[in-house]
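See structure below.
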Amino acid sequence: MSEHIPAELRREVAKKAEGCCEYCRTQERFSSDSLTIDHIIPRSLDGPTEIDNLAFSCFGCNQHKSLQIRWSDPVTGEPAPLFNPRKQAWEVHFAWNTDFTLVLGLSATGRATVAALQLNRPGLVNLRRVLYAIKLHPPGPVRQ
């Protein structure tokens, strides 16, 4: 059952994210769908509806993440925790490739998150390519 997230809390989460999906870094202003609020630890696993457990997420990342909190690291095959934007810095776990179209996982958490959330979905790669060509991508660095 869906739990209502108060408008003020939604605004606070969006402000922390600086208008970008906190996983794939899609900018809300260029997203074809409204960005949503993701429970980092899902409610089904007793994740609370409070700022430290909420992330601004594009629809695609939210749907791929679903109820997952761990995923297999494609390099080691070992389970790894998914990226937590409230406790971890994006730049520690991810980087852009040379043309800024692909998100690269730098750690087990980063690689597992890229795989689980499919951070390099074709539509995202195409959008990044176009935005980069007109100097609107990548978005600025993430502030903690």
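If you go through region 17-38 one residue at a time, do you hit one that is within 15 Å of F83 (Cβ to Cβ), within 17 Å of the chain's Cα centre (by Cα) and assigned to a helix (DSSP H, G or I)?
Among the residues of region 17-38, at least one is within 15 Å of F83 (Cβ to Cβ), within 17 Å of the chain's Cα centre (by Cα) and assigned to a helix (DSSP H, G or I), which makes the answer yes.
Being among the acidic types (D, E) and not in a helix (DSSP H, G or I) is the filter; apply it to region 43-57 and report the residue that is surrounded by the most Cβ atoms within 10 Å (Cβ to Cβ).
Here the residue is E50.
Which of the residues that make up region 122-138 are surrounded by fewer than 16 Cβ atoms within 10 Å (Cβ to Cβ) and of a type outside the set (A, V, I, L, M)?
Answer for region 122-138, where residues must be surrounded by fewer than 16 Cβ atoms within 10 Å (Cβ to Cβ) and of a type outside the set (A, V, I, L, M): P122, G123, N126, R129, Y132, K135, P138.
So, in region 104-144, of the ones that are among the aliphatic types (A, V, I, L, M) and in contact (Cβ under 8 Å) with a residue 60 or more places away in the chain, which residue ends up nearest to Q88 (Cα to Cα)? Before you say what the answer is, go through the steps one by one.
Looking only at region 104-144, we keep the residues that are among the aliphatic types (A, V, I, L, M), and these are 104, 106, 108, 112, 114-117, 119, 124-125, 127, 130-131, 133-134, 136, 142.
Cutting the leftovers down to in contact (Cβ under 8 Å) with a residue 60 or more places away in the chain gives us 117, 119, 124, 127, 131, 136, 142.
On the way: L117: 17, L119: 17, L124: 23, L127: 26, L131: 26, L136: 25, V142: 11 Å.
By that ranking, first place goes to V142.
Of everything in region 1-38 that's free of Cβ contacts under 8 Å to residues at least 12 places away in the same chain and not hydroxyl-bearing (S, T, Y), which residue is farthest from R129 (Cα to Cα)?
M1
Please determine whether any residue of region 6-20 is under 18 Å from V125 (Cα atoms) and either touching a helix residue (DSSP H, G or I) at 6+ places or on another chain (Cβ under 9 Å) or of a type in the set (D, E, K, R) (or both).
Taking region 6-20 as the starting set, the residues that turn out to be under 18 Å from V125 (Cα atoms) are 20.
From what's left, either touching a helix residue (DSSP H, G or I) at 6+ places or on another chain (Cβ under 9 Å) or of a type in the set (D, E, K, R) (or both): 20.
There is at least one residue in region 6-20 that is under 18 Å from V125 (Cα atoms) and either touching a helix residue (DSSP H, G or I) at 6+ places or on another chain (Cβ under 9 Å) or of a type in the set (D, E, K, R) (or both).
So which of P74, P79 is exposed (fewer than 15 other Cβ atoms within 10 Å of the Cβ), in contact with a helix residue (DSSP H, G or I) (Cβ under 6 Å, 6 or more places away or on another chain) and modelled with pLDDT of 95 or more? Break it down into steps so the answer makes sense when it comes.
Values: P79 fails: in contact with a helix residue (DSSP H, G or I) (Cβ under 6 Å, 6 or more places away or on another chain).
Exactly one of P74, P79 is exposed (fewer than 15 other Cβ atoms within 10 Å of the Cβ), in contact with a helix residue (DSSP H, G or I) (Cβ under 6 Å, 6 or more places away or on another chain) and modelled with pLDDT of 95 or more, namely P74.
The values are calculated or read from the model by the stated rules, or taken from the named source; none is laboratory data. Just so it is clear, the model here is predicted, and its values are computed rather than measured. Heads up, the Cβs are rebuilt from the backbone with ideal geometry, glycines too, and the neighbour counts pull from every protein chain shown.
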